[in-house]
């Protein structure tokens, strides 16, 4: 017996569920990010915001929502990017239909973050357009291309991190010491970039050592200095804490030496810093 097959055409869009043929405005947001605070990057940041505001507003069929931004934030993780997180939250809450961003690396250099976010948005009917690569996430090849581009961006971030680490370690091996002068009691930065003793602060440093050598506990020293109206920390604070006194007493820089690479970045994606317990070389400079 012959079979009769009747095709029933789709009536709704695959990802959004909107009726086909229905003319609706797409609510569109832009995302802009620069990863440093340098002046040229700030200019780039402002240019991106202006560009996407105009680009979306002038596009027929699009309704401008806003441009979400993150300035001076790393791209290797989306965890601490407030603008990015707010954008995703608004999109998942049904306030955005389409997100426009410059490139995959602007969105995230972490492959897992990129794919997880894109899939979550896609499940809610929100599309992302990566302008540089020309990728639309609703496209059949979208996820494959994002995986490839995100992997390349992540590899680039790893390479940059390794180059920066190498630079730091080369300076350590050369005996070049960096000191946070604004929070380093007893020293100023000289014209040649080296340590210069601050005469007045040095008196206080010597006094702290003498108090400890005389039998006073670290807690007692902190309370004593806090109670003195004219005694301030290196940062100009009136209150002295146990940790501050302990840091002064255990810092080899107060005798003119420096132990370099006391800690290191264990993961370039999370920027997790850990105490160096022999995993990487240290350098002791006299």
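The values are calculated or read from the model by the stated rules, or taken from the named source; none is laboratory data. Small disclaimer: the values here were computed from a predicted structure and weren't measured. Every residue, glycine among them, receives a Cβ derived from its backbone with ideal geometry; neighbour counts consider all protein chains shown.
Return a yes/no flag: does segment 90-103 have any residue that is assigned by TED's automatic domain parsing to the domain that holds residue 152, assigned to a helix (DSSP H, G or I), in contact with a strand residue (DSSP E or B) (Cβ under 7 Å, 6 or more places away or on another chain) and modelled with pLDDT of 90 or more. There is at least one residue in segment 90-103 that is assigned by TED's automatic domain parsing to the domain that holds residue 152, assigned to a helix (DSSP H, G or I), in contact with a strand residue (DSSP E or B) (Cβ under 7 Å, 6 or more places away or on another chain) and modelled with pLDDT of 90 or more. Within segment 15-54, if we keep just the residues that are loosely packed, with under 10 Cβ neighbours inside 10 Å and part of a loop (DSSP other than H, G, I, E, B), the residue that is modelled with the lowest pLDDT turns out to be 23.
Flag not set for residue 69, criterion: within 20 Å of residue 118 (Cβ to Cβ), at pLDDT below 65, in the same structural domain as residue 107 (by TED's automatic domain parsing) and in contact with a helix residue (DSSP H, G or I) (Cβ under 7 Å, 6 or more places away or on another chain). Please verify whether residue 261 is surrounded by 11 or more Cβ atoms within 10 Å (Cβ to Cβ) and within 30 Å of residue 156 (Cβ to Cβ), treating the condition exactly as stated. Against the criterion (surrounded by 11 or more Cβ atoms within 10 Å (Cβ to Cβ) and within 30 Å of residue 156 (Cβ to Cβ)), residue 261 qualifies. Could you tell me whether residue 122 is touching a strand residue (DSSP E or B) at 6+ places or on another chain (Cβ under 9 Å), surrounded by fewer than 21 Cβ atoms within 10 Å (Cβ to Cβ) and part of a loop (DSSP other than H, G, I, E, B)? Against the criterion (touching a strand residue (DSSP E or B) at 6+ places or on another chain (Cβ under 9 Å), surrounded by fewer than 21 Cβ atoms within 10 Å (Cβ to Cβ) and part of a loop (DSSP other than H, G, I, E, B)), residue 122 does not qualify. Taking the conditions (1) assigned by TED's automatic domain parsing to the domain that holds residue 184; (2) at pLDDT 80 or above in turn, residue 286 satisfies each one other than (1).
Residues in segment 213-242 that are more than 18 Å from residue 201 (Cα to Cα) and either in contact (Cβ under 8 Å) with a residue 24 or more places away in the chain or surrounded by 12 or more Cβ atoms within 10 Å (Cβ to Cβ) (or both): 216, 217, 218, 219, 220, 223, 242.
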